[in-house]
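Have a look at the structure below, then the notes.
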Amino acid sequence: MAARTKAGRAPSVERVRGTRDILADDMRRHRAVEEAAWATARRYGFTEIATPVFEFTEVFARTLGETSDIVTKEMYTFDDRSGDSVTLRPEFTAGVARAFISNGLRQQVPLKFFCRGPMFRYERPQKGRLRQFHQVDVEILGVAEPLADVEVIALGADFLAGLDLADKVKLELNTLGDAETRKAYRTKLLAYFADHRGKLSGDSLNRIESNPLRVLDSKDEGDREIVARAPRITDGLNDASKRYFDALLDGLHVAGVAYEINPRLVRGLDYYCHAAFEFTTQALGAQGTVLAGGRYDGLIEMMGGTPTPGTGWAAGVERLAMLIAETEPEVRPIAVVPVGAALEGPVLELAQRLRRAGFTVDMGYSGTLAKRMRRADRIGAAAAVIIGEDEIDRDAATVRDMASGEQREIALASLEHHLERYRGKADGR
RNA sequence: GCGGGUGUAGCUCAGCUGGUUAGAGCGCCAGAUUGUGGAUCUGGAGGUCACGGGUUCGAGACCCGUCACUCGCCCCA
């Protein structure tokens, strides 16, 4: 008797909770999102790198904040066979910062990196919230000037606009100030909340202990009232932080990026400062954040590197894939079809000839002419190249345009030339 | 981690207050059409009714538990 899960199915066919198989249609959308991000990043002068999917646990535990939810209850952490504690990455930035230090990249600053790949977080699954999900990510390392934030935010805006999501998404922006500002603000905020302790929700009372700034974006009705009258960080910025924020706003204006200042926007991770921003949508329910990031000047130092400023963002590929319009396959294949099994040999030879010439070619494995034509139709072939005894005798092929149904006999010698018109072209049925 | 909803064919769903071999549409396969796809018609395959237990003469329907998905909270991309 095979082992069974509690659900009663053989575990070998059960997906792990919060994971999914990305099948053809989804994969096309997934790729469309990734490629749009990469294409935009490239235009901004970024280069693509890849860091490991897992790191020593310390890399994340130290940088994300010992008390953050991600570290305390959401990481996939385990000991490998040598007894080292490793963790499947829950986010990109810490790994990129680690790579920056490990590879001595300090010398090559400023650096602009693009990454993509899977992330792992043990959360309760929901639409747009998976245990394995994918992100595209962009980081600028070694630039303290707000111009880097402007560039990174403009890149995000262009990326989303390129996906045709400009209307579905809005940019919210805030500043967290520098360390001095944040410390002073924290004290002020704590004092304010202490005065209103009785009226805060239980969740928020807990947050006061762990991350008081988080109370600011509570969804509880009662909390919101109190938060609305709470002191704002933007009112208590020290000179440096104020100058920084003003320059950022100016830069966005010049770059033509529309934003909305949200004084309640905060970050869950400890290493953020100054710029904090999110592109959000109403279309995905509770999981409305589609791209988020900010500045993390202290991170690399915190990890033991020479102090190096950084800024960047990550975007959820699955969330964006749900928002974009249907995508069409980019190439339609050419179907080669033998009339009768006896001609499969010569047709295979022809298929290989065309493939090596750069055409996308599909060949059925069995069946009558009608069946093979049906298959050609179903895979969206642009044209069918039909070869029967008659064609063989004349050293030719019959080429059928699948959209119009028109057929022409073409000499084998000039077949590639004739098929040029179907290369990488959608026929618009 | 907390609260609510849902779970019937590959997909979308029907199945009335528990009653004989569980249905439809789409899709799939085959044929009408032995050198021609998309349309139409005909036929066919496909279901431990999420899983386990209970109530009952009898459960897809009712009860309990589990699992998964989903909505909100939490968290966050």
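Quick notes on this structure:
- Residues that are aliphatic (A, V, I, L, M) and open to solvent by 30 Å² or more (accessible area, probe 1.4 Å), drawn from segment A:76-104: A:Leu88, A:Ile101
- Positions within segment A:57-70 being open to solvent by less than 30 Å² (accessible area, probe 1.4 Å) and not aromatic (Phe, Trp, Tyr), in sequence order: A:Thr57, A:Val59, A:Ala61, A:Thr63, A:Leu64, A:Gly65, A:Ser68, A:Ile70
- Test: residue in segment A:335-347 that is farther than 30 Å from A:Leu265 by Cβ, open to solvent by 60 Å² or more (accessible area, probe 1.4 Å) and more than 16 Å from RNA strand B (Cβ to nearest atom): no
- Hits in segment A:379-407 (condition: more than 6 Å from RNA strand B (Cβ to nearest atom), over 19 Å from A:Gly345 (Cβ atoms) and not aliphatic (A, V, I, L, M)): A:Gly380, A:Asp401, A:Ser404, A:Glu406
- Counted as qualifying within segment A:348-429 are the strands (runs of 3 or more DSSP E) with 1 or more residues that are basic (Lys, Arg), under 24 Å from A:Glu328 (Cα atoms) and open to solvent by 50 Å² or more (accessible area, probe 1.4 Å), namely A:396-401.
- Any pair with Cβ under 7 angstrom, 6 or more apart, that starts in segment A:208-221 at a residue that is closer than 11 Å to A:Phe193 by Cα and ends at one that is basic (Lys, Arg): A:Pro212/A:Arg186; A:Val215/A:Arg207; A:Leu216/A:Arg264
- Residue satisfying condition, being open to solvent by 30 Å² or more (accessible area, probe 1.4 Å) and within 13 Å of RNA strand B (Cβ to nearest atom), within set A:Lys183, A:Lys127, A:Lys188, A:Lys199: A:Lys127
The values are calculated or read from the model by the stated rules, or taken from the named source; none is laboratory data. None of the values given here were measured: they were computed from a predicted structure. Heads up, the Cβs are rebuilt from the backbone with ideal geometry, glycines too, and the neighbour counts pull from every protein chain shown. Ligands, DNA and RNA are stripped out before the accessible areas are found, and what is left, the full protein with its side chains, is counted by its heavy atoms. Shrake-Rupley method; radii C 1.70, N 1.55, O 1.52, S 1.80 Å.
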